[in-house]
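Undergrad: Below you'll find the structure I mean.
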Amino acid sequence: MKGSLRFADVTKAFRWQGLRSPHETVKGAFFHRRKRRQKSSREQYVALDCVDLQVSTGEAVALIGPNGSGKSTLLKLIGGILKPTSGTVEVAGRVTALIEVGAGFHPEITGRENVVINGMLLGLGRREIEERMQEIVDFADIGPFIDQPVKIYSSGMYVRLGFAVAVAADPDILLIDEVLAVGDEAFTRRCLDRLARMRQRGVTMVLVSHDLDLVTSFADRALYLNRGKIVAEGPADAVVARYRSDAAGGSGRDDQLPTRREDDDEMRWGNGDIEIDSVELLVGEKRSRLVAGGGPCSLRIGYSVHKQTDDFVFGVAWHRSDGTQVSGHNTDLAGLVPRRLETDGEVCCEYDSLQLAPGEYLVDVAIHARNGLAYDYWCDALKVRVTSEVEWPGVWSPPHRWRSTGPEWGKSTEYRRAAPEDTDE
Amino acid sequence: MTVIRILWRHRALIAVLVRRDLDARYRASVLGFFWSLINPLLLLAVYAVVFTYIFNPRFPGGDPYPLFLFSGLLPWLFFSGAVLDGSATLIDNGPLLAKVMCPPELFPAVTVFSHLIHHLLALPVLFLAMVASSVAGLHSFPWSFPLVVVALIPWLLTTGGAVFAISVLSVHYRDMRDLVGHLLNLLFFSSPIIYSLEGLQVPVMLHRVLALNPLASLVTVYRDAVFVGRVSSPQLWLVAFAVGVVSWLLGTRIFAAYRETVVEAV
């Protein structure tokens, strides 16, 4: 299927380079022949370690993780720039890499001529480029500079032109490596808009970024890489939350990093010391997945304890299915100091009035240590539908009234009804 | 033959990149493309003065010497220029290889073709010099001149093979460039460029060694066509083509062996 890609057990190792490597010179190659044969781990650096990955057409996937975790290597493997040391990489369709826009612009020739060459390097035919030239020039919006040699461009112009060519290349899969961080705000917004429209057209996107807000708003799914391994994988906001808590808790301690629970749902992880058994929405005394906006309700979390602890935080996060964060609260923020957790039981989070606009919400539930170490982190543990008589936009629906002395209003008898309400599943 | 297939698939891109190379070289200069005519013309003028009035080597078949030298030097400059540039081409285009997907085969090919074009632009100078010297009665006009097109085929193959091998080797072994410079020097003096094998008065052993130089046949068939005015013997043509084919096969084989690691090493 065009636009999909698959990694099966992919490992990528690099040979160390530098002065100590004996193979840098012809002389070295002759005098260190025997050494060359053996590939010891000392000579190799494993950038990606047995990575499995599947991305289907039209998905937007973000790769996050600390520097040197293998994100860019992964991207280059998708792009075919690097070949895996072992394992297989299957990529269907045309890939365009926005790894460094404007790479390969020749300084002496004009922007317009560079567009032709860059476009052809990205896989466009000459005629296609001529057809799209105006579009590219408009998008780059660098005025008369387009007919000047690239060497006199500012770095911003360089990036604008490079981006304009790359997105015009009409790929099935677009790889983006931190390139949105450059350019002024207006241009960045334009880039994002263009990317969003490409997504609508069904272009698959793989994004590397340290801008975590961008990741949560842009990607459906995120992969959290650390030292060449996928540590967590799931909905973008959940994985970002996980990454943030790791980063805050000192990601250097390898032994403390909880591993992905292979046997379980991919959207759930933790070391299992304490396990979430159930998550329920209670309206009145009844279990439901449907709650009227503004009404009371509570979340009930059932758990079992496998290892006693005195360091625990219960947390809940609400978000929309598009990744918009709605609210996050936990017992730590509420000022509850953990003392002892010995036996299985239930914890309830009660809302007097759920002031949410109508629509579907997803709830993540987590039990973790105060440094962020997850005992059980369950993304999308519950899907809740909030209903309302009126279709409010946004996520917040505060009780409010309009008061005035000037205009006169009559009372409407007709409401714009919310979508027909689903019954309990 | 995958190299040829890759090159053919990207022929439009190669054409554009060659143009970029030429364009960029002459963009900021007043005379522009005329430089590719002026360079060989100046070279020829210098030779004409030096080797007629200052130092006049004489041997059978080597008269007039400036033209003799020029006709051997032109294909050599094509070869050595391409090989020297070839040792840097992948390194210079490293950003492209690492950030944009493009087959590394493109760059050595572009190097070879832009040097070929420079060579083709110098040919009219050689042609006019031949016409002028025959009009002046210094030399009979070589009617075999058009054969230069055929003589260029083994040159192209040999140069192509050498550039492919050198380009990829110099990525992996950074001292390759210096080595190439010295090797080219050695090759220059052991090739019959400033002398001819026929007119050489040296010990038999040395003569045999010099005849082993693979480039000797290439220089000779080229010069036979454009200067001496005769068609080389079929054996010589065969040797020249064999050298070309072997060089091409060997060079592309070496390229293929190192191809996958180019991006990492660049």
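The values are calculated or read from the model by the stated rules, or taken from the named source; none is laboratory data. Source: prediction; values computed, not measured. Virtual Cβ from ideal backbone geometry, glycine too; neighbours counted across all protein chains shown.
Undergrad: Only one of B:17, B:69 is away from chain A (no Cβ under 11 Å) and among the aliphatic types (A, V, I, L, M); which?
TA: Result of the check over B:17, B:69: B:69.
Undergrad: What number of residues within segment A:247-270 satisfy the criterion of being at pLDDT below 80 and not in a loop (DSSP other than H, G, I, E, B)?
TA: First pass over segment A:247-270, keeping only residues at pLDDT below 80: A:247-267.
Add one more test, that the residue is not in a loop (DSSP other than H, G, I, E, B), and what stays is A:247-248, A:254-256, A:260.
So the count comes out to 6.
Undergrad: Let me ask something else. For the condition facing another protein chain (nearest Cβ under 9 Å), surrounded by fewer than 20 Cβ atoms within 10 Å (Cβ to Cβ), more than 24 Å from residue A:185 (Cβ to Cβ) and among the small types (Gly, Ala, Ser), what is the one hit in A:93, A:125?
TA: Just one listed residue meets the conditions, A:125.
Undergrad: Has segment A:98-116 got any residue that is at pLDDT 85 or above and more than 14 Å from chain B (Cβ to nearest Cβ)?
TA: no
Undergrad: Which of the residues spanning segment A:334-354 are modelled with pLDDT under 90 and surrounded by 14 or more Cβ atoms within 10 Å (Cβ to Cβ)?
TA: Once the filter is applied, which keeps residues that are modelled with pLDDT under 90 and surrounded by 14 or more Cβ atoms within 10 Å (Cβ to Cβ), segment A:334-354 yields A:338, A:341, A:354.
Undergrad: Picking from B:224, B:178, which residue would you name as being assigned to a helix (DSSP H, G or I), of a type in the set (Asp, Glu) and in contact with a helix residue (DSSP H, G or I) (Cβ under 9 Å, 6 or more places away or on another chain)?
TA: Exactly one of B:224, B:178 is assigned to a helix (DSSP H, G or I), of a type in the set (Asp, Glu) and in contact with a helix residue (DSSP H, G or I) (Cβ under 9 Å, 6 or more places away or on another chain), namely B:224.
Undergrad: Would you point out the residue of segment A:128-171, among those that are more than 30 Å from the chain's Cα centre (by Cα) and among the polar types (S, T, N, Q), that is nearest to the other protein chains (Cβ to nearest Cβ)?
TA: Per the criteria, the residue is A:148.
Undergrad: Further question: Restricting attention to helices (runs of 4 or more DSSP H) lying wholly within segment B:1-82, give those where 2 or more residues are of a type in the set (Val, Ile, Thr) and free of Cβ contacts under 8 Å to residues at least 60 places away in the same chain.
TA: Ranges flagged: B:35-49.
Undergrad: For a quick check of your reading: which helices (runs of 4 or more DSSP H) sit entirely within segment A:124-234 and have at least 3 residues that are farther than 17 Å from residue A:99 by Cβ and in contact with a strand residue (DSSP E or B) (Cβ under 9 Å, 6 or more places away or on another chain)?
TA: A:212-218
Undergrad: Check B:171, B:239, B:243 and return the single one that is under 20 Å from the mean Cα position of the chain (by Cα), in contact (Cβ under 8 Å) with a residue 60 or more places away in the chain and not in a loop (DSSP other than H, G, I, E, B).
TA: Exactly one of B:171, B:239, B:243 is under 20 Å from the mean Cα position of the chain (by Cα), in contact (Cβ under 8 Å) with a residue 60 or more places away in the chain and not in a loop (DSSP other than H, G, I, E, B), namely B:243.
Undergrad: Sort through B:98, B:88 and tell me the only one that's surrounded by fewer than 22 Cβ atoms within 10 Å (Cβ to Cβ), within 12 Å of another protein chain (Cβ to nearest Cβ), touching a residue at least 24 places away in the same chain (Cβ under 8 Å) and part of a helix (DSSP H, G or I). Working first, answer last.
TA: Working: B:88 fails: within 12 Å of another protein chain (Cβ to nearest Cβ).
Matching residue, one of B:98, B:88: B:98.
Undergrad: Which residues, taken from segment A:271-288, are modelled with pLDDT of 75 or more and either among the polar types (S, T, N, Q) or closer than 18 Å to residue A:363 by Cα (or both)?
TA: A:271, A:275, A:276, A:277, A:278, A:279, A:280, A:281, A:282, A:283
Undergrad: Do we have residue B:114 as more than 30 Å from residue A:163 (Cα to Cα), assigned to a helix (DSSP H, G or I) and hydroxyl-bearing (Ser, Thr, Tyr) here?
TA: No, not satisfied.
Undergrad: Tell me yes or no: at least one residue of segment A:125-142 is free of Cβ contacts under 8 Å to residues at least 12 places away in the same chain, closer than 20 Å to residue A:95 by Cα and among the hydrophobic types (A, V, I, L, M, F, W, C).
TA: no
Undergrad: Can you name the condition, by its number, that residue A:80 falls short on among (1) within 7 Å of another protein chain (Cβ to nearest Cβ); (2) surrounded by fewer than 19 Cβ atoms within 10 Å (Cβ to Cβ); (3) within 16 Å of residue B:103 (Cβ to Cβ); (4) in contact with an Asp or Glu (Cβ under 9 Å, 6 or more places away or on another chain)?
TA: Evaluating residue A:80 over (1) within 7 Å of another protein chain (Cβ to nearest Cβ); (2) surrounded by fewer than 19 Cβ atoms within 10 Å (Cβ to Cβ); (3) within 16 Å of residue B:103 (Cβ to Cβ); (4) in contact with an Asp or Glu (Cβ under 9 Å, 6 or more places away or on another chain) leaves (4) as the failure.
Undergrad: Now a separate question. Specify which of the listed residues (B:127, B:164) is surrounded by fewer than 21 Cβ atoms within 10 Å (Cβ to Cβ), in contact with a helix residue (DSSP H, G or I) (Cβ under 9 Å, 6 or more places away or on another chain) and away from chain A (no Cβ under 14 Å). Let's see the steps before the verdict.
TA: Details: B:164 fails: surrounded by fewer than 21 Cβ atoms within 10 Å (Cβ to Cβ).
From the options B:127, B:164, the qualifying one is B:127.
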